[in-house]
């Protein structure tokens, strides 16, 4: 593809912690620059990295001016916003209204209980699978060790066939006399 046909890529990271030290702004935007010169030659403006640090968002409802302000306010106050009392600053933004309705459903007691039961059920299934896997691995390990010990006894018994009688080999290896007799055959 031709370079001029590339579309700009924007990565937006909404964080509930602070990542950009020594900056009070809640939104910081970065672009690629020439490290050797420190110049932004605008040839590499195809990528932008945005950090939105919600803990630094300090505006109140009257100060909301942009879509970023609205979404930051929504993210920091979603737990307080009710479907029947939507702040006027959000009323014109259909996407935020949809998000408020989704959050309101999540905070609805009955739906939250259904969600929590479902999540608990998934956690139970995950735990059962992990326990069964651990139990299976332990059992397999034990069976492997047991088989290894048996193979070792057979090897020792085989090397003693010309030196001892069947009872002597059985006493040394822990095999039965019948097993030693079968080994001789």
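Please determine, by comparing only the residues of region 66-80 that are over 13 Å from residue 16 (Cα atoms) and modelled with pLDDT under 90, which one is farthest from the chain's Cα centre (by Cα).
Going through the qualifying residues, I end up with 80.
Mind checking whether some residue in region 115-130 is at pLDDT 90 or above and more than 25 Å from the chain's Cα centre (by Cα)?
No, region 115-130 contains no residue that is at pLDDT 90 or above and more than 25 Å from the chain's Cα centre (by Cα).
Name the residue, out of 134, 102, 157, that is under 24 Å from the mean Cα position of the chain (by Cα) and over 29 Å from residue 12 (Cα atoms).
Within the list 134, 102, 157, the selection yields 134.
Let me confirm something: among 18, 34, which residue is free of Cβ contacts under 8 Å to residues at least 24 places away in the same chain and in a loop (DSSP other than H, G, I, E, B)?
Checking each option against the conditions leaves just 34.
The values are calculated or read from the model by the stated rules, or taken from the named source; none is laboratory data. Because the structure is a prediction, the values reported are computed rather than measured. Reconstructed Cβ throughout: ideal geometry from the backbone, glycine too, with neighbour counts over all protein chains shown.
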